[in-house]
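Read the structure below first, then the notes.
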Amino acid sequence: MEREAILAAVRDAGVVGAGGAGFPTHVKLAARADVIIANGAECEPLLQVDHEILSLYLEDVLEGVEAARRAVGAQRAYLAVKAKYQSLIERLEATLASRPWLEVAPLPDIYPIGDEQRLVYELVGRLVPPRGIPIQIGVVVLNVETLYNIARALDGQPVLETFITVNGAVSEPATWAVPVGTAIEDVISRSGPLLQPGGLAVIQGGPMMGELVEDLSQPVTKTTKGLLVLPKDHLVVTRFKAEDIVLRRAFSVCSQCTMCTDLCPRHLLGHPIWPHRIMRGVAKGMTTDPGAVEEALAGALLCSECGICDSFACFMGLSPKEVNRLIK
């Protein structure tokens with residue numbers, strides 16, 4: 001199929017980035033790049049969508065990679081999966097003879113290896129510029145579900161379903177193919193929640209970057225990847241605090257230990273983000289240098305909201321991630 005036909009099919013099928021912010025895929029494929037990365041890293045703990053799709057629909061995913069490679073003119077393609085899935089990697093390696101342009105890229109089982117900026121650096125050694133995107137350095141990153149949807153689009157199939165892992169306090173944790181628009185409460189009901197409605201909470205996404213669902217009647221979308229059913233007093237749930245509490249604690253408690261900065265993945269890539277300085281910047285009166293405050297707060301725009309700072313780094317139980325989100 002010719003490039004323009006691929007772009008038209010993907011656009012008409014409504015394919016968007018299934019693993020992230022839902023960016024229109026035909027716009028990504030309209031660019032030119034020399035590298036395609038198929039992201040099957042499954043960044044968040046407890047989610048299994050990428051692994052299930054690769055296990056069940058591998059040929060469709062590879063067809064999507066080939067179509068994406070032709071569309072952007074890439075010479076190389078990587079399929080990134082975690083090395084712990086050895087049987088899957090063996091299946092992938094069996095396809096290499098007929099696809100010399102494809103390389104399987106086993107990844108360590110670390111977080112957040114699925115972050116596209118981290119992934120690009122690990123696989124091709126290129127650094128996405130701060131506030132930039134991979135296409136600026138000649139790379140297109142596509143989630144494996146997006147690639148599956150590309151293959152279906154070439155057969156004239158629109159995106160009507162999304163794959164969702166339901167996990168936590170349910171009798172049947174599983175990954176389901178769910179019609180887009182299905183109420184979250186109906187998806188949860190199918191998996192058999194082990195808690196009474198008055199005692200359960202639902203996180204949409206994963207335990208690190210997910211969001212608390214306030215209204216279970218709201219629909220799943222093309223980018224919904226996980227639903228975690230948890231008790232309302234679970235730590236993953238109780239960390240969601242009112243905005244005024246998040247800011248008040250940042251004002252008064254941060255000890256400037258720098259641990260949040262030391263563990264920040266974007267800072268470790270060399271991006272100008274220093275979470276501890278952002279925490280200081282929001283604490284009024286703690287600095288007399290307006291330029292330093294402005295620089296620190298601008299760094300909040302570089303935050304990927306991965307949650308390492310509040311889940312692992314801060315021994316005071318603060319949330320630089322939430323402060324950054326509020327600033328943004």
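The values are calculated or read from the model by the stated rules, or taken from the named source; none is laboratory data. Only a predicted model underlies this, so the values are computations on that prediction, with no experimental measurement involved. Note: ideal-geometry Cβ built from the backbone for every residue, glycine included; neighbour counts use all protein chains shown. Just the protein is used for accessible areas: all its heavy atoms, side chains included, with ligands, DNA and RNA removed. Shrake-Rupley method; radii C 1.70, N 1.55, O 1.52, S 1.80 Å.
Within a Cβ distance under 12 Å of TYR121, other residues only, what is the Lys/Arg minus Asp/Glu net charge?
So the surrounding residues net to 0.
Subtract the Cα-Cα distance of LYS84 and SER252 from 0.36 nm times their separation in residues, and report this length gain in nm to one decimal.
Length gained, LYS84 through SER252: 56.2 nm.
Skipping prolines and chain starts, which residues have an amide H placed within reach, meaning under 5 Å, of the one on GLY226, given they are 5 or more residues away or on another chain?
THR165, GLY205
Based on C-alpha coordinates, I'd like the Rg and Dmax of segment 103-229, in Å.
For segment 103-229, the Cα-based Rg and Dmax read 17.3, 50 Å.
Give the long-range amide H neighbours of THR162: residues separated by 5 or more places, or on another chain, with amide H under 5 Å away, using H modelled in the peptide plane at 1.01 Å from N.
HN-HN under 5 Å from THR162: VAL178, VAL180.
Count charges around CYS257 for me, please; just the other residues with Cβ under 13 Å from its Cβ, Lys/Arg as +1, Asp/Glu as -1.
+1
Modelled label-to-label distance, GLU211 and THR238, 7 Å Cα→beta-carbon offset: nm?
2.5
TYR78's amide H: which non-local residues (gap 5+, or another chain) put their own amide H closer than 5 Å, with H modeled 1.01 Å from N in plane and none for Pro or chain starts?
For TYR78, whose amide H was placed from the backbone, the distant partners under 5 Å are ILE36, ILE37, ALA38, GLU103.
Which value, in debye to the nearest 20, describes the size of the charge dipole of segment 1-105 about its Cα centre when Lys and Arg Cβ atoms bear +1, Asp and Glu Cβ atoms bear -1, and nothing else is charged?
320
Calculate how many DSSP beta bridges within segment 16-131 are antiparallel, expressed in % of all such bridges and rounded to the nearest 5.
10
May I ask you to derive the relative contact order of the chain, considering only C-alpha pairs under 8 Å and at least 6 residues apart, and to give it as an integer percent?
Reported relative contact order: 16 percent.
Between TRP101 and GLU4, what is the label-point separation in nm under the 7 Å Cα-to-beta-carbon projection?
2.0
Report SER98's accessible area, 1.4 Å probe, all protein chains in place, as a number in Å² to the nearest 10.
Looks like 90 Å² after rounding.
Report P(r) for segment 170-328: all Cα-Cα distances, bin width 5 Å, range 0 to the bin holding the largest distance, values in whole percent.
In order of increasing distance, the bins hold 1, 9, 17, 18, 16, 12, 11, 9, 6, 2, 1, 0 percent.
What is the count of Lys pairs in the chain whose alpha carbons sit under 19 Å apart, if the two are 8 or more places apart or on different chains?
Value for the chain: 7.
Would you indicate which of (i) 73, 42, 38; (ii) 62, 48, 36; (iii) 59, 43, 34 is the value of Cα extents along the principal axes in Å derived from the coordinates of this structure?
Checked against the structure: label (ii).
What ranking do 10-16, 143-149 get when scored by the average of other Cβ atoms within 10 Å per residue, highest first?
143-149, 10-16
Leaving out ligands and nucleic acids, note down the accessible area per residue over segment 137-216 with a 1.4 angstrom probe, in whole Å².
41
Whole-Hz Karplus ³J(HN,Hα) for segment 209-223, in order, using 6.51 cos²θ - 1.76 cosθ + 1.60 and θ = phi - 60°, x for Gly and Pro?
Along segment 209-223, the couplings run 10, x, 10, 6, 8, 7, 10, 6, 7, 5, x, 6, 10, 5, 9 Hz.
Within a Cβ distance under 12 Å of ILE327, other residues only, what is the Lys/Arg minus Asp/Glu net charge?
-1
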